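In what follows, a structure is listed as structure tokens, so that the remarks can point back to it.
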Amino acid sequence: MLGDTCVAVNPEDSRYKHLVGKDVMLPLVGRRIPIIADEYADMEKGTGCVKITPAHDFNDYEVGKRNELPMINVLTFNADIREEGQTFNFDGTLNEEMSGFIPEKYRGMERFAARKEIVADFDAAGLLVEIVENDMVIPYGDRGGVVIEPMLTDQWYVDAKTMAKPAISAVENGDIEFVPKSYENMYFSWMNNIQDWCISRQLWWGHRIPAWYDDQGKVYVAQNEAAVREKYKLDASVNLSQDNDVLDTWFSSALWTFATQGWPNLDDPEVAKRLADFHPSDVLVTGFDIIFFWVARMIMMTMHFCKDGNGKPQVPFKTVYVTGLIRDETGAKMSKSKGNVLDPIDMIDGIDIDGLLEKRTGSMMQPKDAEKISKRTKKEFPEGISAHGTDALRFTLAALASTGRDISWDMKRLEGYRNFCNKIWNASRYVMLSVAGDDVVEAAAENGTKIVITDAMKAACGAGGEEAVLSLADRWIISRLQFVEAEVTRHFDNYRFDLAAQALYEFIWNEYCGWYLELSKPVLWDENSSVEAKRGTLGTLVRVLEATMRLAHPIMPFITEEIWQQVKVLAGKDGETIMLAPYPEAQDAFRDADAEADIKWLQDVITAVRNIRGEKNIPPSKPLDLLFKNGGDDDFRRAEENQTFLKKLAQLDNLTWMNEGDEEPMSVTQLVGDMEVLIPMAGFIDKDKEVERLIKSVEKLDKEIERVNNKLGNPGFTDKAPPAVIDKEKEKAAGFARDITKLKDQIEKIKAL
RNA sequence: AGGACUAUAGCUCAGUUGGUUAGAGCGCUACCUUGACAUGGUAGAGGUCCCCAGUUCGAAUCUGGGUAGUCCUACCA
């Protein structure tokens, strides 16, 4: 009421049209104020008339500016009523005409008391018609918890619209790229609607505003006081005092890429060189929630202050990699007051439940919150958090970092990747056991020392280039290593840390540990293997492990360094640390499509046998006989060449190739390509169950073949689809048909037995 | 209110420009103390790709509408 400078009605409001342009007398203060028409007044609300207080309300401020109304500041910095209102024109200059008079009884009064008093005085004067409940959202201060009152103050502003223009085009023309790209929309929508930026803050911590005032309040701006005196030719007789305000933290932060290199001391040759070398920088990694606050401001400020040799504005960085936020297991944002914050250190080192409770509730201001949080914490982590290690945490973050989405933290994933670290460690243990022998490895483990690498060990691995023969498995894993190297590199290049992590996981666990280590055993444990063959396998074990450690190092720095230090010499490498070792690069010369195809066949046969064991509940310890049937030349060759591998990994006694017309014993069958794998099971087989199992497979294939045939029978498909797609479908159909024929044969045979 | 994003297995998530029998890890089931590892091994079950319509020979994928959720911005005399 004390600061009102007009009454607004809606221009469409027929009730009040005739009053627009007239004045009313503001009660209590006796101020004469105009009635104006402004669409801000809502005809539906209340009387449809609303009083306007431009100095103490955001909306009213806008109305005031639109209608060029004066503004009257009636509050002190304590939010008490002033002795007299300060009256300004809409452009901020002092207003001499409108009175800022405040009745004596309100002067110096606390704001809420004054409000009550004014309502009471309205009532007493017979001016109060009714009091209506009105729900509204009022902003409260974070720190003090009191209602925030907008008011007029002097502040420093940056003309953001002007600065935004080059910053927008830098992203439009690709000088700066967001990853993922979709965040560019967010950036544009912010930059295109940018408001002038208030950069002054009333805090004690920060860069002080470089503005000085003389005793008359006249303002001078320059880099420092001496510069001010020189620039404005002020001698020592003029008293100068610097503005007490400091710069917005984002203003200071926006200087980061160049200020850290020594800007603005460009005359210093070292600073100039640093800027030339390191500016613009490459990649900024940040959360999407500060694209507005920081990223946009950095781009604007840098392009304003930094120019290249031709005067073209420099960007601060070329790529902005935007991460998601880590949320808790229920998807809620982590916050202290909710008590759902997980400290990375606790996941690395572990913490007991008491320590965790103390951490989460120790500094709570509200005791009732503390109780809730401690209950929740006890339920979620009854035993506290166990130690998982740095590498596991880092790997988990990489694996979960798919682009453009938040991460709901999953402790189970962390456990899985801790197990992965353990797996790697044990694989390296197997390699060292194979190279150095049990006694040496165990002695070293007991003493906590490294295994001393002898010349004999090096020679056993072929580290000096001694003659070696590679097994099929050796050639296969070397070929697969090329593949994973290329994959991981590609994913890193695309900022797909999740896919890089997945490729590493898949290769190390399934291919290297799951298959290759097992395939190395028949060679290493066979007394009849030649020295060269053993050297080939040992050398491959060691070299692939060494390269894999370098490949995984960015995501698991510690365990890879530890293992690398042990195996580097065996792999013929040297160097102080894995950190300085070159990153692996795939080499086409080491790719071996034949070896990959052969091993694929081997895996399929072994899996087929294991499948039969699983289905029929035959323990792995019981050796079986295996019959091959209907294979081609490749099948025959592969079976011949890989007898040792097959016997060891599938636990087989005899391998027999069936010829046309041979009597077929009662067997369980699996298909491997065109070939059939048979396990004779006279006496153990349940005829009905086996038939049932086979019928189920046939039914599944029938469905597939029906689908494919429908497709192929559709002229729309055969006319319009690309030939490659059609061929693929035809091939599929033929394959299904072959399989069905074989399975049906098998069903007949079993039924006939 | 305006804008953006998300929806795929019980859970956490992949699925590149439309053509896969829709994948991974965890969890689940059965079996296994085989000389790296039970923080392990082998095999397996589990999906109306939120709903509706459209485009197309063909849609988890593209378009429109709807539902649910998350976030940002603004405002509510």
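Here are a few things to note about the model shown:
- Accessible area in square angstrom per residue, the range A:586-656, 1.4 angstrom probe: 53
- Charge dipole of chain A about the Cα centre (unit charges at C-beta), most positive-ward option of A:Ala160, A:Val691, A:Ala55: A:Val691
- Fully extended contour minus Cα-Cα distance, from A:Ala226 to A:Thr286, at 0.36 nm per residue: 17.7 nm
- Fraction of accessible area attributable to carbon and sulfur, chain A (%, probe 1.4 Å): 52
- Here each label is just a point 7 Å from Cα along the line to Cβ, and for A:Glu130 and A:Arg111 those points are 2.9 nm apart.
- The range A:55-198, accessible area per residue, ligands and nucleic acids excluded (1.4 Å, Å²): 66
- For the range A:1-80 versus the range A:689-753, the inter-centroid distance based on Cα atoms is 80 Å.
- Taking the Kirkwood radius as Rh and the Cα radius of gyration as Rg, the range A:614-666 has a ratio of Rg/Rh equal to 0.99.
- Solution diffusion estimate, µm²/s, Stokes-Einstein, chain A, Kirkwood Rh from C-alpha pairs, 10 °C, viscosity 1.306 mPa s: 46
- Equivalent ellipsoid of the range A:521-574: semi-axes from √(5λ) of the C-alpha gyration tensor, largest first, are 26, 10, 8 Å.
- Pairs of lysine residues in the range A:376-529 that meet both criteria, 8 or more places apart or on different chains and Cα atoms under 25 Å apart, total 9.
- Restricting attention to the range A:699-753, lysine pairs at least eight places apart or on different chains and with alpha-carbon atoms under 16 angstrom apart total 15.
- Mean ellipticity per residue at 222 nm, deg cm²/dmol - from DSSP H runs of n ≥ 4 across chain A, formula -39500 (n - 2.57): -14000 deg cm²/dmol
- Packing, as the average of other Cβ atoms within 10 Å across residues, places the peptides A:327-339, A:665-677, A:283-295 in the order A:665-677, A:283-295, A:327-339, highest first.
- Across the range A:173-278, the relative contact order, built from alpha-carbon pairs under 8 Å that are at least six residues apart, equals 25 percent.
- The C-alpha atoms of chain A define a longest principal axis, and helix A:160-172 lies at about 20 degrees to it.
- Gyration tensor (alpha-carbon) shape descriptor, the range A:648-687, a/c threshold 1.5: rounded
- Solvent-accessible area per residue in the range A:258-331 equals 50 Å², computed with a 1.4 angstrom probe and all protein chains kept.
- Tilt relative to chain A, helix A:723-752 - C-alpha long axis, 0 to 90 degrees, to 10: 50
- Helix axis angle, A:531-552 relative to chain A longest principal axis, alpha carbon, degrees: 10
- Förster radius 41 Å - calculated FRET efficiency between A:Phe58 and A:Glu177 (Cβ-Cβ, nearest 0.05): 0.65
- The range A:637-688 and the range A:534-554 have Cα centres lying 34 Å from one another.
- Seen from a random direction on average, the alpha-carbon convex hull of the range A:299-385 projects onto 9.1 square nanometres.
- A simple spin-label model places the labels of A:Ala721 and A:Asp352 6.5 nm from each other, with each point 7 Å out along Cα-to-Cβ.
- Backbone N within the range A:174-204 under 15 Å of label point (7 Å from A:Asp308 Cα along the Cβ vector): A:174-177
- Between the C-alpha center of the range A:435-450 and that of the range A:352-427 there is a gap of 34 Å.
- Student exercise, the range A:680-753 dipole from Lys, Arg, Asp, Glu Cβ charges, in Debye to nearest 20: 60
- Subtracting the Cα-Cα distance of A:Ser237 and A:Ser252 from their residue separation scaled by 0.36 nm leaves 2.1 nm.
- Residue-count net charge about A:Val431 - beta-carbon cut-off 11 Å; Lys, Arg +1, Asp, Glu -1: +1
- For chain A, the dipole from Cβ point charges (+1 on Lys and Arg, -1 on Asp and Glu) about the Cα centre works out to 700 debye, to the nearest 20.
- Reference-scaled alpha-carbon Rg (2.2 N^0.38 Å with N residues) for the range A:603-710: 1.13
- Rotationally averaged projected area of the range A:392-547 (alpha carbon convex hull; nm²): 10.6
- Gyration tensor analysis over the Cα atoms of the range A:337-434 returns equivalent ellipsoid semi-axes of 32, 17, 9 Å (largest first, whole Å).
- Here the Kirkwood formula puts the hydrodynamic radius of the range A:1-133 at 15.4 Å, using every distinct Cα pair.
- Potential extension, A:Asn611-A:Leu753 segment - 0.36 nm per residue separation minus Cα distance: 48.8 nm
- Distance in nm between pseudo-label sites at A:Asn193 and A:Ala211 (7 Å out along the Cβ direction from Cα): 2.8
- Placing +1 on the Cβ of every Lys and Arg and -1 on the Cβ of every Asp and Glu, with no other charges, gives the range A:242-348 a dipole of roughly 340 debye about its Cα centre.
The values are calculated or read from the model by the stated rules, or taken from the named source; none is laboratory data. Keep in mind that this is a model prediction, so the values were computed, not measured. Ideal geometry is used to build each Cβ from the backbone, glycine not excepted, and the neighbour counts take in all protein chains shown. Areas reflect the complete protein model, heavy atoms only, side chains present, ligands, DNA and RNA absent. Shrake-Rupley method; radii C 1.70, N 1.55, O 1.52, S 1.80 Å.
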